[in-house]
Amino acid sequence: MANKMNVTKELCEFVYNNKFTDLDDKTIQSTKTAILNIVGCMIAGYQTRIGRLHTEIAKDMGGGRDQSTIIGDGSKVSVPLAAYANGNFGFALDYEDTVLYIAHPGYITTSSGFAMGENLNSSGEDLITSINLGFEVVSRIGAAMQPTPERGSKVWGEQYHPFASAVTVSKLLKLDSDQINVAFGIAGTYATVPSVYKYFGLVEETRPMREVKLGWGWMSMAGTVAAQSAHRGFKGGHGILDGEQGFYIMAGSDRCDFNKITKDLGKSWVINDTEYKIHPSIAWNHPLFDATRKLVKKHEINPEAIEKINISGMAMHLIGDKNPRSAVDAQFSLPYTVATTLLSEPLSPDLYSDEKLSDPKIKNLLSRINLSHDKSADDDFFSHQKMRFSLEVITKNKENFISNVEWPKDQPATDKNNLEKKFRLLASTYFDDQRVEEIFQKINKLEEIENINELIKLLY
């Protein structure tokens, strides 16, 4: 049983002591896979409207130093601002990784790792080590501080993610365990408030912050600045996670299983169990995407023959938007996911274009969807990280097709070939085939690279 008054110190000592040679071949490969996935997301995300806006904001803020590269654009800004811009790119399409449906470490660790690693001329081994540690730590913290269903229905967020970038950058800066502890304290202080319900929901007036989501780019930057601050000599901040006044209280949770933070540290790695989105949208939509895809394949459903679609499951009051008006709206809309899947729309960034959002075929199917909120499914999610949904498609000929799905039990495996295909699809929206292949090979052999600038220079 973890000593809940010393979990921060134990984590920091773990980060400090861990080395590349402590990682087995599977973990090294898993880390490279995570990087490959996010690099593809960054390249495609840079090209979105939101990506372009974040690029200009990063340039506007300046930073005073040309240290690190904005992916796609090629401009040089300070380390924190590169982490900010590239972190936002990684999440722009909602196509990233997920751990236990409670953490998305890839975009934060990779954006901050690239930014600081480029500035330090870090090796591929150092980058792999630091990103893996960022995955491990933030996933443990996130799993430990999940609220009860009662609290989660009112106050919830993923504001623990600055710890991911704080760990990644601290490791690249080679901070000692006391300095890492300071970085943790500053990262927790800089964390966003629990804000998930400021961008969820069906009523626009009650979700004013949808386009910035949870502030993912900010969280990447915040952890980066936290590590830099500790490196420059800031003091204090010890024990941010510890005790009854620990970070989980600051983050709006009503409980924390401290044992989940430190149990079996270094004996297994969460990155080996990381899941990758098979559809560019919030992970909560994915079970029904998979269920819909199976129905279409098995029964060859003609969308024009559909009379109505009945959907039941968790969080319908949050993800049940039947009239998405922007790309971000559509990424969080379960009905949009089901409708576009029934129409066999290809999985690409174009799925959220203005043309698709106004497509009469999609709108017609959206109008035929009926939603039913299952509160017991909400409870299952907050208590056990299970997602349950039911899908019923009824045709005009009164044919009835039903699919019930529960994740993770029914979750399809994400194999290496599919992820490589996904990367090439996303990267080819900006680069020619030769450049895409060069990027792929650099990441595939990342541990052999002495200076990660060899990779960075290929990304713009």
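The values are calculated or read from the model by the stated rules, or taken from the named source; none is laboratory data. Note that the structure is a prediction, hence the values are computed from the model and not measured. Please note: Cβ atoms are built from the backbone with ideal geometry, for glycine as well, and neighbour counts cover all protein chains shown.
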Practice prompt. Restrict the check to segment 43-53 and report whether at least one residue is without any contact (Cβ under 8 Å) to a residue 40 or more places away in the chain, assigned by TED's automatic domain parsing to the domain that holds Ser139, assigned to a loop (DSSP other than H, G, I, E, B) and of a type in the set (Ser, Thr, Tyr).
Written response: no
Discussion item. The conditions are (1) surrounded by 22 or more Cβ atoms within 10 Å (Cβ to Cβ); (2) over 23 Å from His54 (Cβ atoms), and Arg232 fails exactly one of them. Which is it?
Written reply: (1)
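Taking segment 75-87 on its own, how many of its residues are crowded, with 24+ Cβ neighbours inside 10 Å and either farther than 17 Å from Val169 by Cβ or more than 16 Å from the chain's Cα centre (by Cα) (or both)?
Adding up the residues that qualify gives 5.
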Discussion item. Let me confirm something: among Phe401, Phe381, Phe431, Phe389, which residue is among the hydrophobic types (A, V, I, L, M, F, W, C), in contact with a Pro (Cβ under 6 Å, 6 or more places away or on another chain) and either farther than 25 Å from His299 by Cβ or outside any helix (DSSP H, G or I) (or both)?
Written reply: Phe389
Worksheet, complete the sentence: Going through (1) modelled with pLDDT of 95 or more; (2) touching a helix residue (DSSP H, G or I) at 6+ places or on another chain (Cβ under 6 Å) one by one, Ala305 fails only at (2)
Practice prompt. Take the residues in segment 59-74 that are modelled with pLDDT of 95 or more and within 19 Å of Asn121 (Cα to Cα), then tell me which one is surrounded by the fewest Cβ atoms within 10 Å (Cβ to Cβ).
Written response: Gly74
Item to complete: Report whether or not Gly233 is more than 30 Å from Ala327 (Cα to Cα) and either β-branched (Val, Ile, Thr) or touching a residue at least 24 places away in the same chain (Cβ under 8 Å) (or both).
Response: no
Discussion item. Given the condition part of a helix (DSSP H, G or I), assigned by TED's automatic domain parsing to the domain that holds Ile240 and under 30 Å from Ala377 (Cβ atoms), answer yes or no: does some residue in segment 112-131 qualify?
Written reply: no
Response to the item:
By my count, helices (runs of 4 or more DSSP H) wholly in segment 142-246 with at least 2 residues that are among the small types (Gly, Ala, Ser), over 25 Å from Gly90 (Cα atoms) and in the same structural domain as Cys12 (by TED's automatic domain parsing) are 177-190
Item to complete: Scan segment 412-428 for residues that are over 18 Å from the mean Cα position of the chain (by Cα), assigned to a loop (DSSP other than H, G, I, E, B) and not small (Gly, Ala, Ser) and jot them down.
Response: Pro412, Asp415
Worksheet entry | Criterion (of a type in the set (Phe, Trp, Tyr) and in the same structural domain as Ser123 (by TED's automatic domain parsing)) met by exactly one of Phe401, Phe440 | Phe440
Worksheet item: Of the residues that make up segment 66-74, is at least one over 30 Å from Ile249 (Cα atoms) and part of a strand (DSSP E or B)?
Response: yes
